[in-house]
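Working notes for the structure below.
Since every read-out is calculated from the coordinates, none of them should be taken as a lab result. The shown structure was predicted, so the numbers you read here are calculated from the model rather than taken from an experiment. Counting neighbours? That spans all protein chains shown, and the Cβs are built from the backbone with ideal geometry, glycine included.
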Amino acid sequence: MSALHSSEAPPKMPTVGFPLYRDPQVRRAIRDLSPGLLAMAAWGLVTGLAMIESGLSTAHAVGMSLLVYAGAAQLASLPLIAAGAPLLLIWASALVINLRFLIYAVSQQPWMSRLPRAKRLLHGYFTTDILAVFGAQRAQDGWDSQSMVRYFRTGAVLCWVVWQTASLLGIFLAASLPREEGLRVLPALAILALLLPMIRSRPALACVLVSAFASLVFKGLPLNLGLFLATLAGVLTAVLLNRKAAQHG
Amino acid sequence: MGDLWTWVALVGLGLATLVTRSGPLWSERPFALTEAQTFALQMAPMAALAAIVAPALLLTDGAWAATIEDPRLWALIAAVSARLMGRGLLTILLSGLVVYGAARFILAS
């Protein structure tokens, strides 16, 4: 009882019986993420549909959704899986597409550093684009690590539930409909729709154009090595252009 | 490709998710990326997506197929136009799909 009468700051952790929705960090996470979650639901549905349209079985599609939990990497690997590309190539391209998460993870490290390693890795797995972006904003607001962890956990649960529900809905919707020939283009168009808004600078545009062109030039190389060479060519172009711009600017 | 092969592929993809999201969290000591490293990490996903999507939209069985008779070309044009008009991801996808469907219908008749 003495804690109740002490002049210390009120405890930050909710005690038993404290309704979760009154927790300021939980509320803030819900408020921050709600608009993004709507788009995430739509995109999860599209990814679910695309997995079936690319030829995956329902079991594989459900497994992919639950195991991989990475929209862009999932979509990008669909044409490769459908073509029976070498496993190393499928994995490597997913790694490259996931690289942006390294940036997020590094930015999350300061407030996660107090957690034990197993928990840090577990939290990291549930990072999504919107959660990382808003989390970085809250960290910049100067939130302490306890608040950050609660904010992150709320967002992680929201994102996971929304994404998986939408994705599973898409899978079962597509699996229950007759195979529509016209929807076979869906995975490719979904990748395109993901890629185009990412292009926000001149080096990025050059990167995409060079890589796309190179992938067509190198299309005949064995083991889809063209995909690697093209990616490398695109990144190198962007890096060179960026360096040039930095020198002149 | 077989059932087991696909499962192996999926487990590997799950590991790719874990490694990129959690790899830097292995150590408890925070570290920073240089500006050049961050830039390259931002560019690489775009390059890989472009290298996957270009053959998927412009080739058929490895041969150039982007003619005005290929509905995928019209879908590509529609999607790029939507992007140039400043639209977001879902509108870009929908314009691509709608134009693809329309072009397919017109070209088939």
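Note on A:Ser176 and A:Val161: their simple-model spin labels are 2.2 nm apart, each label 7 Å out from Cα toward Cβ.
Taking each residue of A:46-55 in turn, how many C-beta atoms of other protein chains fall within 10 Å of its C-beta, and what is the average? Don't skip to the answer; put the middle values down first.
Values: counts 5, 0, 0, 0, 0, 0, 0, 0, 0, 2.
Mean number of neighbouring Cβ atoms from other chains: 1.
Note on chain A: GNM, Cα springs under 10 Å; of A:Ala190, A:Ala72, A:Ala204, the largest mean-square fluctuation is that of A:Ala204. Of the DSSP H helices in chain A, those that are both long (alpha-carbon extent of 20 Å or more along the helix axis) and hydrophobic (Kyte-Doolittle mean at least 0.5) are A:24-53, A:145-176, A:202-217, A:225-248. Simple spin-label model, 7 Å along Cα-to-Cβ: B:Ala63 to B:Leu84 in nm? Here the answer is 3.0 nm between the modelled labels. Calculated on the Cα set of the range A:89-156, radius of gyration then Dmax: 12.5, 41 Å.
Using only alpha-carbon positions in the range A:199-249, the gyration tensor eigenvalues give semi-axes of 25, 10, 6 Å once each is multiplied by 5 and square-rooted (largest first).
Just round it to a whole percent: the fraction of Cα-Cα distances in the range A:121-249 exceeding 27 Å.
Counting pairs separated by more than 27 Å, the tail of P(r) holds 51 percent.
Mean-square fluctuations from a GNM of chain A, with a 10 angstrom spring cutoff on Cα atoms, peak among A:Pro110, A:Pro197, A:Pro86 at A:Pro197. For the range A:42-138, the direction-averaged projected area of the alpha-carbon convex hull comes to 7.1 nm².
Can you give the Kirkwood hydrodynamic radius for chain A, in Å, rounded to one decimal and based on Cα pairs? Numbers along the way, then the final one.
Working: mean 1/r = 0.0485 Å⁻¹.
Taking the inverse mean of 1/r over all distinct Cα pairs, chain A comes out at 20.6 Å.
Against the 2.2 N^0.38 Å scaling, with N counting residues, where does chain B land? I'd like the Cα-based Rg ratio to two decimal places. All intermediate terms of the calculation are to be shown ahead of the outcome.
Details: Rg = 19.5 Å, N = 109, 2.2 N^0.38 = 13.1 Å.
In units of the 2.2 N^0.38 Å rule of thumb, it is 1.49.
Can you give me the angle between helix B:89-108 and the longest principal axis of chain B, using Cα atoms only, in degrees from 0 to 90, rounded to the nearest 10? Compared with the principal axis, the helix lies near 30 degrees. Considering only A:Leu122, A:Leu194, A:Leu169, the Gaussian network model of chain A with Cα springs below 10 Å gives its largest mean-square fluctuation to A:Leu122.
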